[in-house]
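Report on the following structure.
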Amino acid sequence: MTELRLHDTLAREKRVFVPADPGRVTMYACGPTVYNRAHIGNARPAVVFDVLARFLRHRYGAEAVVYARNVTDVDDKIIEAARNEGVDPETVAARYEAFYDSDMGALGVEKPELTPHATHNIPEMVAMIARLVASGHAYEADGHVLFYVPSDPDYGILGKRDRDAMIAGARVEVASYKKDPADFVLWKPSPPDMIGWESPWGRGRPGWHIECSAMIERHLGETIDIHGGGLDLIFPHHENEIAQSRCAHRGAPLARYWVHNGFLSMAGGEKMSKSLGNVITVGELLEQGHKGETLRLALLSAHYRQPLEWSGSLIAQSKATLDRLYRAGGDSAVGEVDPGVLGALADDLNTPLALSRLAAIDDAGVLRGSAALLGLLEGSHESWFRGEGDARVDALIAARADAKNRRDFAEADRIRAELAEEGIVLEDSAQGTIWRRA
Ligand code: AMP
Ligand code: ZN
């Protein structure tokens, strides 16, 4: 049986993955804050952890894997977006969650087994905060509840950076009510006209970090097998999750393996991020006519821990690779998984190696079976090529209409003749031009 090895951020090395219970393998990845459209960098963790979940389901059986990806549906950025639009935060959150689902669906990301929502888990957060207060790990100040970092001697184990550097690097908010500058918010007050819930500390809303700790406890248990997210979540988010959960669970660790994906950047190497303004959304890429599967393959073309530079040529190469794979896969039934592809994925999810091994498979069924583990080649041969042909025909018809408007009838006739050569017949009517294959 192929052994999975994963790079564990906490151990700083690759470790053989042994689940606590092979009958119930648990994984949690931090999901989107739903206040805008996901950019292609945000899609990287969704695709990476989707591949890991597929691998785990293959290895341990689909019924043995519980993968949870949360939805942060209460957050100051959502509240601000809602205020700017003059609508409820719920409206903003529901809209962008629907966009997220359809964007990730287009990228072939399977729905995780669980998608817990912050707003559906408030009592669990309140209960966890109350336990932290009772045990001296948290305190109330100025309507807020804060985690008291000096109460946790192990604080900082994930990043292993010195405390002051961490605080300076992450621009931790300085507030007069904090006992220690590293303390972070578990609960904050909401004025009457803002979204909020009753709590022992008054009406308010949760901080971001407590959300994941409480949802993991409720849905997966005190200690999970794998916790994932992007590199930027190591500090402060995951460091704070670890501290809260460990202190609320008498020292039990939050996760046994920590897996973090590297950044996707734009040309020049700068991380794609909304605050830098260098983003391209999944929606924009799809509107440009790129297929979701092409974008997925582009995201998997680099090892997940390495940086990935996004570019037009990466997209073009990925499309050409899929053209070749669809030609080779034909419409064969899904066969066995190739041991070479499985072995590449088992080695810390080495997707570039898996893709090169995929290209060398000559049995069409094995190719499709192996590609499925990467979430590729799941459509039919016909639909892969037809969609693209149709788009080209539509583009030529538009060019012909444009030529006619310019009274360039020679060009219009040339386009009609070019399509006729391919067996495509145009019929003009008052409503426009329709086409069919002769
Ligand atoms: P956010 O909505 O900013 O919380 O991000 C959602 C997820 O996307 C987190 O796991 C981030 O670490 C990840 N992420 C954000 N930007 C990038 C990027 N440029 N490359 C890779 N992952 C990213
Ligand atoms: Zn989280």
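The values are calculated or read from the model by the stated rules, or taken from the named source; none is laboratory data. Here the structure is a predicted model, which is why all the values come from computation and not from measurement. Every residue, glycine among them, receives a Cβ derived from its backbone with ideal geometry; neighbour counts consider all protein chains shown. Surface accessibility is based on the protein's heavy atoms, side chains included, excluding ligands, DNA and RNA. Shrake-Rupley method; radii C 1.70, N 1.55, O 1.52, S 1.80 Å.
Summarise the accessible area of the stretch 5-261 (1.4 Å probe, protein heavy atoms) by the percent that is carbon and sulfur. Working shown, then result.
Working: 5290 of 10100 Å².
That share works out to 52 percent.
For the stretch 83-89, take each phi angle, set θ = phi - 60°, evaluate the Karplus expression 6.51 cos²θ - 1.76 cosθ + 1.60, and give the result in whole Hz per residue in order, putting x for glycine and proline.
5, 4, 8, x, 10, 6, x
With an 8 Å cut-off on Cα pairs and a minimum separation of 6 or more residues, tell me the relative contact order of the chain in percent.
Once divided by the residue count of the chain, the mean separation gives 16 percent.
Ser102 versus Ala359, label points 7 Å from Cα toward the beta carbon: distance in nm?
For Ser102 paired with Ala359, the spin-label model returns 3.5 nm.
So who's got an amide H within less than 5 Å of the one on Arg15, skipping anything under 5 residues away but keeping other chains? H placed 1.01 Å off N, in plane.
Here the answer is Leu6, His7, Asp8, since their amide H atoms fall under 5 Å of that of Arg15.
Can you give the extra length, in nm with one decimal, that the chain gains between Ile280 and Glu90 once fully stretched, where that is 0.36 nm per residue apart less the Cα-Cα distance?
Contour length minus the Cα-Cα distance gives 65.9 nm.
Of the trypsin sites (Lys or Arg not before Pro) in the stretch 246-298, which ones lie in a loop per DSSP and count no more than 15 other C-beta atoms within 10 Å?
Arg250
Per residue of the stretch 312-323, what does 6.51 cos²θ - 1.76 cosθ + 1.60 with θ = phi - 60° give for ³J(HN,Hα)? Whole Hz please, x for Gly and Pro, Karplus curve as stated.
x, 6, 4, 5, 4, 4, 5, 5, 4, 4, 5, 4
Based on DSSP, what percent of beta bridges with both residues in the stretch 5-261 are antiparallel, to the nearest 5?
Counting only bridges with both partners in the stretch 5-261, antiparallel ones make up about 45 percent.
Can you tally the net charge around Asp362? Count Lys and Arg as +1, Asp and Glu as -1, for every other residue whose Cβ sits under 14 Å from the Cβ of Asp362. The partial results should precede the final answer.
Working: positive: Arg324, Arg327, Arg357, Arg368; negative: Glu336, Asp338, Asp363.
Taking every Cβ under 14 Å from that of Asp362, the sum is +1.
List every residue whose amide H lies under 5 Å from the amide H of Asp338, counting only residues 5 or more places away in sequence or on a different chain, with H placed 1.01 Å from N in the peptide plane.
Ser370
Percent antiparallel among DSSP beta bridges with both residues in the chain, to the nearest 5?
Rounded to the nearest five, the antiparallel share is 55 percent.
Modelling each spin label as a point 7 Å along the Cα-to-Cβ direction, I'd like the Glu427/Arg414 distance in nm, to one decimal.
2.8 nm
Just reorder Ser313, Ser199 by solvent-accessible area, largest first, 1.4 Å probe, all chains present.
Sorted descending by solvent-accessible area, the residues read Ser313, Ser199.
At most 14 other Cβ atoms within 10 Å and a DSSP loop assignment: could you name the GluC sites (Glu not before Pro) in the stretch 233-336 that fit?
Sparse-neighbourhood loop GluC sites (Glu not before Pro): Glu270, Glu336.
With θ set to phi - 60°, apply the Karplus curve 6.51 cos²θ - 1.76 cosθ + 1.60 along the stretch 284-289 and write out the HN-Hα couplings as whole Hz, x wherever there is a Gly or Pro.
Using θ = phi - 60°, the values come out as 5, 5, 5, 5, 5, x Hz.
Where only protein heavy atoms count, and the probe is 1.4 Å, what is the accessible area per residue for the chain in Å²?
For the chain, the solvent-accessible area averages 44 Å² per residue.
For Val65, which sequence-distant residues (separation of 5 or more, or a different chain) have an amide H within less than 5 Å of its own amide H, given hydrogens modelled in the peptide plane?
Here Val25 satisfy the definition.
Determine, for each peptide in 132-144, 200-212, the mean count of other beta carbons within 10 angstrom over its residues, then list the peptides with the highest first.
Result, highest mean first: 200-212, 132-144.
Counting only the backbone N, which residues of the stretch 391-433 are under 15 Å from the spot 7 Å out from the Cα of Asp323 toward its beta-carbon?
So the set is 391-393.
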